[in-house]
Amino acid sequence: MGKIFDALLPEHEDFIRKQRLFFVGSAPLSDEGHVNLSPKGHDVLRIISPTEIAYLDLTGSGNETSAHIAENGRITLMFCAFEGPPLILRGYGTGRVILPETTEWDDLIPQFELLPGARQIIYITMHKVQTSCGYAVPNFSYTSERETLKRWAVQKGEEGLEQYHRDRNSISLDGLPTPIGESLV
């Protein structure tokens, strides 16, 4: 089973800061609902404290994590070592969605580079951290970030992104409302 911690240790924080990719898992309460697993790249993650992590969420084709958090709060982050010594680290917790034009956004956004297509901040309070071996995770070498999403967002422009959020990010795959969708009403 791996080791369990109540919070991130300094060595966990160092490990997380070195990762170029992390994964976000969430699910609706319904047994019929879809479990969501999303990869996240770019320099969007910040460690706020040993029990708090936030990431700048960029526009995507869906907005499942946001809908799931609004419904039940549950979220899991996973980091894998693809280079160097093997390790997997998971952070289990509850999340909240922070939208632009709110006081919380204004307080947190200075910690991030505001990337094109930024739509919300996902703020996680972790109640459990688990590490495991990662022996079966293959080695990969990082070459670069893909710039496709940034170029797409710039090309869409502010009005185009707002329309995209309205059309594609307002409800989840399972019909759950997202905070973005509720803010656009």
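Please return the ranges of strands (runs of 3 or more DSSP E) entirely within the range 1-120 where 2 or more residues are of a type in the set (S, T, Y).
Because the criterion is at least 2 residues that are of a type in the set (S, T, Y), the strands (runs of 3 or more DSSP E) in the range 1-120 that meet it are 88-98.
Out of all the residues in the range 79-90, is one or more at pLDDT 95 or above, crowded, with 21+ Cβ neighbours inside 10 Å, among the β-branched types (V, I, T) and in contact with a Gly (Cβ under 9 Å, 6 or more places away or on another chain)?
Within the range 79-90, not a single residue is at pLDDT 95 or above, crowded, with 21+ Cβ neighbours inside 10 Å, among the β-branched types (V, I, T) and in contact with a Gly (Cβ under 9 Å, 6 or more places away or on another chain).
From the list T94, T76, T102, T59, which one is in contact with a Phe, Trp or Tyr (Cβ under 8 Å, 6 or more places away or on another chain), at pLDDT 95 or above and farther than 28 Å from P138 by Cα? Let's see the steps before the verdict.
Working: T94 fails: in contact with a Phe, Trp or Tyr (Cβ under 8 Å, 6 or more places away or on another chain); T76 fails: farther than 28 Å from P138 by Cα; T102 fails: in contact with a Phe, Trp or Tyr (Cβ under 8 Å, 6 or more places away or on another chain).
So the residue among T94, T76, T102, T59 that is in contact with a Phe, Trp or Tyr (Cβ under 8 Å, 6 or more places away or on another chain), at pLDDT 95 or above and farther than 28 Å from P138 by Cα is T59.
Residue-wise test of (1) under 15 Å from G62 (Cα atoms); (2) at pLDDT below 95; (3) surrounded by 19 or more Cβ atoms within 10 Å (Cβ to Cβ).
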site: I124; (1), (2), (3): no, no, yes
site: Q130; (1), (2), (3): no, no, no
site: S144; (1), (2), (3): no, no, no
site: R151; (1), (2), (3): no, no, no
site: P177; (1), (2), (3): yes, no, no
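Output the number of the condition that I53 fails; it satisfies all remaining conditions of (1) surrounded by 19 or more Cβ atoms within 10 Å (Cβ to Cβ); (2) over 12 Å from the mean Cα position of the chain (by Cα).
For I53, the failing item is (2).
Tell me the residue from R74, R151, R119 that is touching a His at 6+ places or on another chain (Cβ under 9 Å) and farther than 24 Å from R17 by Cβ, please. Step through it out loud before you land on a result.
Details: R151 fails: touching a His at 6+ places or on another chain (Cβ under 9 Å); R119 fails: farther than 24 Å from R17 by Cβ.
Unique residue meeting the criteria: R74.
Taking only pairs six or more apart or across chains, which ones have beta-carbon atoms under 7 Å, a first residue in the range 99-111 that is within 19 Å of G181 (Cβ to Cβ), and a second residue that is surrounded by 14 or more Cβ atoms within 10 Å (Cβ to Cβ) and of a type in the set (V, I, T)?
Pairs found: L99/I180; E104/I98; W105/I98; W105/I121.
Here is a yes/no grid of residues against (1) closer than 24 Å to H42 by Cα; (2) in a helix (DSSP H, G or I); (3) in contact with a helix residue (DSSP H, G or I) (Cβ under 9 Å, 6 or more places away or on another chain); (4) among the charged types (D, E, K, R):
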{"site": "S141", "(1), (2), (3), (4)": "yes, no, no, no"}
{"site": "E145", "(1), (2), (3), (4)": "yes, no, no, yes"}
{"site": "V154", "(1), (2), (3), (4)": "yes, yes, no, no"}
{"site": "E159", "(1), (2), (3), (4)": "yes, yes, no, yes"}
{"site": "Y164", "(1), (2), (3), (4)": "yes, yes, yes, no"}
{"site": "D167", "(1), (2), (3), (4)": "no, yes, no, yes"}
{"site": "L173", "(1), (2), (3), (4)": "no, no, yes, no"}
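Does T59 meet the test of being more than 25 Å from D167 (Cα to Cα) and among the hydroxyl-bearing types (S, T, Y)?
no
The values are calculated or read from the model by the stated rules, or taken from the named source; none is laboratory data. In this text, all values refer to a predicted model and were calculated from it rather than measured experimentally. Neighbour counts run over all protein chains shown; Cβ positions are idealised from the backbone, glycine included.
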